[in-house]
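Peer 1: There's a structure below that I have some questions on.
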Amino acid sequence: MAPVSQTLRGEAASVVSPAAPVGLQRPGRRIQRHHRRVGSTRARMNLFYVPAVVVFVALVVYPFVRGLWYSFTNWNGYLPKYRIVGLDNYVQLLSDPNVYTAFFNTIVYGCGSTLLQNVLGLMFALLLNTRFPGRTAGRTLIYLPVMIAPLIMGYLMYFFFRYQNGALNDVVGLFGAAPVDWLSNGPRAVVIITLVNTLQFVGVSMVIYLAGLQAIPKMFYEAAALDGANAWHQFRSITLPMLIPAITSSVMINLIGGLKLFDVIMALVGGNYPTNSLSTLINRTYFGTQQAGYASAIGVAMFIFIMVISVIAQRYLTGKEVEQ
């Protein structure tokens, strides 16, 4: 016969530790299985990134690394033999007047186009955000040039500005004035190229600002009107601060596009030195003078320049968003 103490302990154990349901016996194991399923799902989802990563590496990373390597050589772009020249290409770049001209023109193309596109895009967005007959047609008309390839846009504008039988000179001739060679003068051609680029892509800014305007709650304007604020005060105190995220997007898109402008310049003036941007100077140096190593050095300098300008602009505008 078992002792009374052992019997009591056995009965207490049966009362204190009843048989638990199967699902509650080991919750840690169920959590582990759940984590394994989530991890395997994420791993399978990550496989969808592989094609994009492969394309990015093949078309962006690898060419950039090769271009950086060639910038330290005297490769002519055709023959397999070349010689390491160190920093000679970069030293030549710092003393090349054509690089300084292209650098200045690039700033004009980038900053000038960005300023004009954003100012005009905001004006068009404010106008076309109101209800009036023909509003949809106006939006379509302004955005339509965006659908045209920049090279085609450049050729169309060339027939407008060219000296012989140009549309603009035909209009000038109607008033008895002599025809003007609009694209022969470097500074004037730079301004024309900037205006053409603005005309083509102002629709992008307009669409961005339209989306921003339509996201502003109407109650803000109603409250401001009750307080006696006029249209200008409403724009300055409500519209403009609420559009800072849209301004950031529009400025960055236009700035990067303007700084690497290529197609319109080649179509209008063929990449002449007085109108060169850094992009067209790279093309002219590589194919025109067969200095692939030097062209690569210009390309690296252009990459650093655009990256620095973009980072500064992005941080400044993002800071304005945080302040608002």
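Peer 1: Of all residues in segment 287-312, count the ones that are part of a helix (DSSP H, G or I) and either buried (at least 17 other Cβ atoms within 10 Å of the Cβ) or not assigned by TED's automatic domain parsing to the domain that holds S237 (or both). Break it down into steps so the answer makes sense when it comes.
Peer 2: At the first step, the residues of segment 287-312 found to be part of a helix (DSSP H, G or I) are 287-288, 292-312.
From what's left, either buried (at least 17 other Cβ atoms within 10 Å of the Cβ) or not assigned by TED's automatic domain parsing to the domain that holds S237 (or both): 292-302, 306, 309.
Matching residues across segment 287-312 total 13.
Peer 1: Continuing with the same structure: Restricting attention to segment 286-324, which residues are free of Cβ contacts under 8 Å to residues at least 24 places away in the same chain and over 17 Å from W69 (Cα atoms)? Please lay out each step first, then the result.
Peer 2: Within segment 286-324, the subset free of Cβ contacts under 8 Å to residues at least 24 places away in the same chain is 288-289, 304, 307-308, 311-312, 315-316, 319, 322-323.
Result: G288, T289, M307, V308, V311, I312, R315, Y316, G319, V322, E323.
Peer 1: Given the structure, is Y82 at pLDDT 85 or above, in contact with a strand residue (DSSP E or B) (Cβ under 7 Å, 6 or more places away or on another chain) and either hydroxyl-bearing (S, T, Y) or not in a loop (DSSP other than H, G, I, E, B) (or both)? Quick ask: steps written out before the conclusion?
Peer 2: Working: at pLDDT 85 or above: yes; in contact with a strand residue (DSSP E or B) (Cβ under 7 Å, 6 or more places away or on another chain): yes; either hydroxyl-bearing (S, T, Y) or not in a loop (DSSP other than H, G, I, E, B) (or both): yes.
Yes, satisfied.
Peer 1: Might you let me know whether segment 252-266 holds any residue that is crowded, with 20+ Cβ neighbours inside 10 Å, of a type in the set (A, V, I, L, M, F, W, C) and in contact with a Cys (Cβ under 9 Å, 6 or more places away or on another chain)?
Peer 2: yes
Peer 1: Select, from F64, F56, F103, the only residue that is aromatic (F, W, Y), in a helix (DSSP H, G or I) and crowded, with 17+ Cβ neighbours inside 10 Å.
Peer 2: F103
Peer 1: Quick one: which helices (runs of 4 or more DSSP H) lie wholly within segment 177-258 and hold at least 3 residues that are within 30 Å of Y163 (Cβ to Cβ) and of a type outside the set (S, T, Y)?
Peer 2: 186-214
Peer 1: Which members of segment 67-79 meet the condition of being part of a loop (DSSP other than H, G, I, E, B) and surrounded by 12 or more Cβ atoms within 10 Å (Cβ to Cβ)? Explain how you work it out, then say what you get.
Peer 2: Going residue by residue through segment 67-79, those that are part of a loop (DSSP other than H, G, I, E, B) are 71-72, 74-79.
Result: S71, F72, N74, W75, N76, G77.
Peer 1: Examine segment 300-319 for a residue that is under 21 Å from the mean Cα position of the chain (by Cα) and among the basic types (K, R), and state whether such a residue exists. Spell out how you get there, then give the answer.
Peer 2: Our first condition is that a residue be under 21 Å from the mean Cα position of the chain (by Cα); within segment 300-319, this holds for 300-319.
Subset that is among the basic types (K, R): 315.
Scanning segment 300-319, I find at least one residue that is under 21 Å from the mean Cα position of the chain (by Cα) and among the basic types (K, R), so the answer is yes.
Peer 1: Determine whether Y82 is among the hydroxyl-bearing types (S, T, Y) and not assigned by TED's automatic domain parsing to the domain that holds V204. It would help to see each step written out before you state the result.
Peer 2: Working: among the hydroxyl-bearing types (S, T, Y): yes; not assigned by TED's automatic domain parsing to the domain that holds V204: yes.
It is true that Y82 is among the hydroxyl-bearing types (S, T, Y) and not assigned by TED's automatic domain parsing to the domain that holds V204.
Peer 1: Can you name the residue in segment 117-175 that is basic (K, R) and part of a helix (DSSP H, G or I) and is also nearest to the chain's Cα centre (by Cα) among such residues?
Peer 2: In this case the residue turns out to be R139.
Peer 1: Evaluate the following for L243: is it more than 30 Å from Y82 (Cα to Cα) and at pLDDT 90 or above? It would help to see each step written out before you state the result.
Peer 2: Values: more than 30 Å from Y82 (Cα to Cα): yes; at pLDDT 90 or above: yes.
It is true that L243 is more than 30 Å from Y82 (Cα to Cα) and at pLDDT 90 or above.
Peer 1: Being under 29 Å from T239 (Cβ atoms) and surrounded by fewer than 17 Cβ atoms within 10 Å (Cβ to Cβ) narrows it down to one residue among M206, M123; which is it? Walk me through how you get there before you give the answer.
Peer 2: Numbers: M206 fails: surrounded by fewer than 17 Cβ atoms within 10 Å (Cβ to Cβ).
It is M123.
Peer 1: Step by step: first the residues of segment 78-106, then only those that are of a type in the set (A, V, I, L, M) and free of Cβ contacts under 8 Å to residues at least 12 places away in the same chain, then the one that is farthest from N272 (Cα to Cα). Which residue is that?
Peer 2: From segment 78-106, those of a type in the set (A, V, I, L, M) are 79, 84-85, 87, 91, 93-94, 99, 102; that's our starting set.
Going one step further and asking which of them are free of Cβ contacts under 8 Å to residues at least 12 places away in the same chain, we end up with 79, 91, 94.
On the way: L79: 27, V91: 23, L94: 20 Å.
That would be L79.
Peer 1: Scan (1) within 18 Å of V108 (Cα to Cα); (2) not aliphatic (A, V, I, L, M); (3) not in a loop (DSSP other than H, G, I, E, B) for the single condition G271 breaks and write down its number.
Peer 2: Single failed check for G271: (3).
Peer 1: Another question about this same structure. If I filter segment 142-152 for residues that are touching a Pro at 6+ places or on another chain (Cβ under 8 Å) and surrounded by 15 or more Cβ atoms within 10 Å (Cβ to Cβ), do I get at least one hit? Spell out the reasoning first.
Peer 2: Within segment 142-152, the subset touching a Pro at 6+ places or on another chain (Cβ under 8 Å) is none.
No, segment 142-152 contains no residue that is touching a Pro at 6+ places or on another chain (Cβ under 8 Å) and surrounded by 15 or more Cβ atoms within 10 Å (Cβ to Cβ).
The values are calculated or read from the model by the stated rules, or taken from the named source; none is laboratory data. Because the structure is a prediction, the values reported are computed rather than measured. Neighbour counts are summed over all protein chains in view; Cβ atoms, including those assigned to glycine, are modelled from backbone coordinates with ideal geometry.
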